[in-house]
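A.B. asks: The structure follows.
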Amino acid sequence: MIIRQIFNNNVIRAENQVGHEFVVIGNGLGFKKKNGQRVDEEKIEKTFVLKSDKIPQKLIDLIGETSVEYLKVADEIVGSAKREMGDIFSDNIYISLIDHIQFAISRYRKSVGLKNSLLWQIKKFYKKEFMIGMNALDIIHAQFGIQMDEHEASFIAMHFVNARQDGQGMKQTVEITEVIDDIFNIVTDYYQITLDENSFNYSRFITHLQYFAQRLLSNEQEQLASGDNFLYDQVKDKYARAFQCTQLINQYLELKHESAMSIDEKVYLTIHIQRVTSRNDMATS
């Protein structure tokens with residue numbers, strides 16, 4: 001690898017023989033070195049491997065003003081997330097996570113904690129991401145000696161939710177979570193039941209709501225409409241109660257989001273509601 005930029009004595013930007021860029025950390029990697037020289041690979045401790053060939057300028061700027069400890073912690077947290085969920089996150093996770101960790105640690109050192117109003121929803125609808133957030137607290141504690149609470153874990157989780165959804169922006173991630181929560185509450189209120197969060201159908205239902213809400217707020221629903229009236233009529237008749245619940249959800253979408261479900265979306269949602277509210281998927285008290 002060849003050095004392309006020296007951030008400090010321990011952090012450099014390097015490029016391999018095929019033009020792929022990396023952020024590389026190691027004690028003394030940049031000491032008395034110049035751009036264009038070969039990287040002393042024996043000194044490499046950590047390497048940020050990104051999906052894009054070129055490192056985003058925002059990440060370059062952030063690394064230039066960030067201490068090595070924050071970079072290492074962010075890399076360890078992302079590595080843990082990838083082991084849990086696979087390499088499904090956009091490169092933006094490094095930017096948002098490094099920035100968040102710096103700000104969070106600064107707040108905690110001043111005894112300033114923040115409450116996440118979506119804590120309950122994050123724990124319920126994004127279980128894997130929340131667990132990543134809880135694991136991140138352990139990593140942060142080991143490095144900085146600061147013990148953060150589950151509200152902070154939920155904030156970190158939201159960055160991973162955002163990075164999994166192509167980095168559409170935290171504002172839309174919040175809106176998606178609120179839509180999921182609203183639909184979930186319509187279903188449980190309509191049926192007057194508590195759903196079994198450990199069931200397979202519950203997991204499929206939540207996953208469907210996640211992608212549905214994302215399509216709704218991205219105005220992509222019309223691309224899914226096939227107009228299969230035969231299947232629509234079959235589902236409407238066979239699962240009449242679930243279909244009525246879907247109609248209530250559609251009314252909510254029209255009133256609050258000025259968007260109506262397509263025929264296909266109504267079919268899919270009705271089937272998921274039917275499955276998740278069946279007797280085998282109702283939680284026992």
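The values are calculated or read from the model by the stated rules, or taken from the named source; none is laboratory data. Keep in mind that this is a model prediction, so the values were computed, not measured. All Cβ positions, even for glycine, are placed from backbone atoms using ideal geometry, and neighbour counts span all protein chains on display. In case anyone asks, the SASA skips ligands and DNA or RNA and just uses the protein heavy atoms, side chains included. Shrake-Rupley method; radii C 1.70, N 1.55, O 1.52, S 1.80 Å.
A.B. asks: Regarding the range 157-166, can at least one residue be identified that is surrounded by 15 or more Cβ atoms within 10 Å (Cβ to Cβ), of a type in the set (Gly, Ala, Ser) and closer than 30 Å to residue 272 by Cβ? Write out each step before concluding.
C.D. replies: Taking the range 157-166 as the starting set, the residues that turn out to be surrounded by 15 or more Cβ atoms within 10 Å (Cβ to Cβ) are 157-165.
If we keep only those that are of a type in the set (Gly, Ala, Ser) as well, we get 157, 163.
Of the ones still in play, those that are also closer than 30 Å to residue 272 by Cβ are 157, 163.
Looking through the range 157-166, at least one residue is surrounded by 15 or more Cβ atoms within 10 Å (Cβ to Cβ), of a type in the set (Gly, Ala, Ser) and closer than 30 Å to residue 272 by Cβ.
A.B. asks: Within the range 235-265, restricting attention to residues that are in a loop (DSSP other than H, G, I, E, B) and closer than 18 Å to residue 217 by Cα, which residue is most open to solvent (accessible area, probe 1.4 Å)?
C.D. replies: Just the residues of the range 235-265 that are in a loop (DSSP other than H, G, I, E, B), to begin with: 239, 258-262.
Retained after the next criterion (residues that are closer than 18 Å to residue 217 by Cα): 258-262.
Details: 258: 165, 259: 28, 260: 52, 261: 16, 262: 19 Å².
Within the range 235-265, the match that is most open to solvent (accessible area, probe 1.4 Å) is 258.
A.B. asks: For the condition open to solvent by less than 30 Å² (accessible area, probe 1.4 Å), over 15 Å from residue 249 (Cα atoms), touching a helix residue (DSSP H, G or I) at 6+ places or on another chain (Cβ under 8 Å) and among the aliphatic types (A, V, I, L, M), what is the one hit in 195, 216? Full working, then the answer.
C.D. replies: Numbers: 216 fails: over 15 Å from residue 249 (Cα atoms).
Only one candidate qualifies: 195.
A.B. asks: Right, next: Scanning for something loosely packed, with under 15 Cβ neighbours inside 10 Å and of a type in the set (Ser, Thr, Tyr), does the range 109-119 turn up at least one residue? Break it down into steps so the answer makes sense when it comes.
C.D. replies: Of the residues in the range 109-119, the ones loosely packed, with under 15 Cβ neighbours inside 10 Å are 109-115, 117.
Next, from what is left, pick out any that are of a type in the set (Ser, Thr, Tyr): 111, 117.
Scanning the range 109-119, I find at least one residue that is loosely packed, with under 15 Cβ neighbours inside 10 Å and of a type in the set (Ser, Thr, Tyr), so the answer is yes.
A.B. asks: Still on this structure: List, please: which pairs have Cβ atoms under 7 Å, are six or more places apart or on different chains, and start with a residue in the range 189-212 that is in contact (Cβ under 8 Å) with a residue 40 or more places away in the chain and in a helix (DSSP H, G or I) and end with one that is open to solvent by less than 30 Å² (accessible area, probe 1.4 Å) and hydroxyl-bearing (Ser, Thr, Tyr)?
C.D. replies: Matching pairs, first to second residue: 191/277.
A.B. asks: Follow-up. Hey, does the range 46-67 have a residue that's open to solvent by 20 Å² or more (accessible area, probe 1.4 Å), assigned to a loop (DSSP other than H, G, I, E, B) and in contact with a strand residue (DSSP E or B) (Cβ under 6 Å, 6 or more places away or on another chain)?
C.D. replies: Narrowing the range 46-67 to residues open to solvent by 20 Å² or more (accessible area, probe 1.4 Å): 46-47, 49, 51-54, 56-58, 61, 64-65, 67.
Of the ones still in play, those that are also assigned to a loop (DSSP other than H, G, I, E, B) are 49, 51-54, 56, 65, 67.
After this cut, where a residue has to be in contact with a strand residue (DSSP E or B) (Cβ under 6 Å, 6 or more places away or on another chain) as well, the list is 54.
So far as the range 46-67 goes, yes, one or more of its residues are open to solvent by 20 Å² or more (accessible area, probe 1.4 Å), assigned to a loop (DSSP other than H, G, I, E, B) and in contact with a strand residue (DSSP E or B) (Cβ under 6 Å, 6 or more places away or on another chain).
A.B. asks: Go through the range 166-198 and give me each residue that's over 18 Å from residue 122 (Cβ atoms) and acidic (Asp, Glu).
C.D. replies: Result: 166, 189, 196.
A.B. asks: Another question, then. Among the residues of the range 124-140, which ones are open to solvent by 80 Å² or more (accessible area, probe 1.4 Å) and not hydrophobic (A, V, I, L, M, F, W, C)? Full working, then the answer.
C.D. replies: The initial filter retains those residues of the range 124-140 that are open to solvent by 80 Å² or more (accessible area, probe 1.4 Å), namely 127-128, 131, 138.
Passing the criteria: 127, 128, 138.
A.B. asks: Any idea how many residues of the range 45-82 are of a type in the set (S, T, N, Q), at pLDDT below 90 and under 21 Å from the mean Cα position of the chain (by Cα)?
C.D. replies: Final tally of qualifying residues: 1.
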